[in-house]
């Protein structure tokens with residue numbers, strides 16, 4: 001997943017382009033679980049940059065950098081008895097009343 005924002009203008013402020021790129025992969029081991037690996041902001045480009053217009057009364061430059069890239073690993077395993085029957089289809093009182101009204 002990625003995101004890109006083009007340059008924008010707001011009063012004296014010229015917001016420069018910015019963006020980021022995230023990546024994730026997943027491996028399903030059938031009954032042994034699921035392994036997920038992901039990384040946020042692979043290229044370390046997630047930052048806000050801006051500056052004043054040329055010739056403006058104010059002169060400034062802004063650079064705000066977010067957290068460094070983060071790597072994550074997740075393993076999910078469902079344990080317990082997987083041979084339990086599915087839930088029964090039970091009728092509740094309001095469903096029975098609805099059936100009587102429609103007939």
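Nothing in this text is a laboratory measurement; each read-out follows from the coordinates by a stated rule. A quick note: this is a predicted structure, and the numbers were derived from the prediction, not measured. Counting neighbours? That spans all protein chains shown, and the Cβs are built from the backbone with ideal geometry, glycine included.
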Practice task
Can you pull the one-decimal nm distance between simple spin-label points at residue 52 and residue 31, each 7 Å off the Cα toward Cβ?
Solution key: 7.0
Handout entry: Value of [θ]222 nm, deg cm²/dmol, for the chain, DSSP H segments ≥ 4, -39500 (n - 2.57) each, nearest 500
Key = -3000 deg cm²/dmol
Problem - the chain, Cα convex hull volume normalised per residue, Å³ - result: 250
Exercise for the section: Please work out the Cα convex hull volume for region 1-44 and give it in Å³ per residue. Expected result: 67
Problem - Highest-first arrangement of 6-17, 54-65, where packing means the average Cβ count within 10 Å - result: 6-17, 54-65
Practice task
Taking the chain as the reference, fit the longest principal axis to its C-alpha atoms, fit the long axis of helix 93-102 to the helix C-alpha atoms, and give the angle between the two in degrees, 0 to 90, nearest 10.
Solution key: 80
